[in-house]
Amino acid sequence: MPQGYQLIRTTTKPSKALCDLNTYTVFLLAESRRSRLYTLGRNSRKLSHESVNRFLLREQYDPKDLFDEIKLNIDLIGGTLSGDDKVIDKPYSARSLTQLIGYFWQGLHHRVVKAIQLITLYYTDPEGKSVPINYRIYDKQEGKTKNDYFRILVHRYDS
């Protein structure tokens, strides 16, 4: 664990699983650009992407956990909020079996692709440190636009 970083949330139960919160957190800090379960499994001799997936399913993290983990490590006064969306390709997933998979415009491919769309709210503190503080997965069934989701993400921090 990086020096000065303190974990706030403890795991729900002790586990003998190969993937734990410390391993996953270090991976996310080291692989901020390509943080996929497959990448962690491929780069580790002892972990498979399935063991990481089981860990995440068991712990059921949500957006509040993300903010609680990061808020002590950033200056929350005088920064800026920004939003971004990311289309994560899922070409081999069965759309009928996975509720959040849909068809989205992917700028990388310059076409519509089968994917999941992740909407993220970032906070940049006055020193230039930028971190994700809230997120949602776009669900077409809710009938909301990306701007609606951004308003929901920001509203949490209005008070």
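The values are calculated or read from the model by the stated rules, or taken from the named source; none is laboratory data. Keep in mind it's a predicted model, so treat the numbers as computed, not measured. Backbone-built Cβ (ideal geometry, glycine too); neighbour counts: all protein chains shown.
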Original post:
Restricting to segment 121-137, what's the tally of residues that are modelled with pLDDT of 90 or more and within 12 Å of VAL87 (Cβ to Cβ)?
Top reply: 0
Original post:
Any idea which residue in segment 84-114 is modelled with the lowest pLDDT, counting only those that are charged (D, E, K, R) and in a strand (DSSP E or B)?
Top reply: ASP89
Subject >> Subset of segment 105-151 that is touching a residue at least 60 places away in the same chain (Cβ under 8 Å) and aliphatic (A, V, I, L, M) - its residue that is nearest to ALA94 (Cα to Cα) >> reply: ILE133
Original post:
Going through segment 115-143 one residue at a time, which ones are more than 26 Å from GLY79 (Cβ to Cβ), assigned to a loop (DSSP other than H, G, I, E, B) and not small (Gly, Ala, Ser)?
Top reply: ASP139
Original post:
Looking at segment 50-105, which of the residues that are within 19 Å of GLU127 (Cα to Cα) and of a type in the set (A, V, I, L, M, F, W, C) is surrounded by the fewest Cβ atoms within 10 Å (Cβ to Cβ)?
Top reply: ILE77
**OP:** Any residue in segment 49-61 that's farther than 24 Å from ILE133 by Cα: show its pairings with residues that are assigned to a helix (DSSP H, G or I) at Cβ separation under 6 Å, as long as the two are six or more apart or on different chains.
**Re:** HIS49/LEU37; HIS49/TYR38; HIS49/GLY41
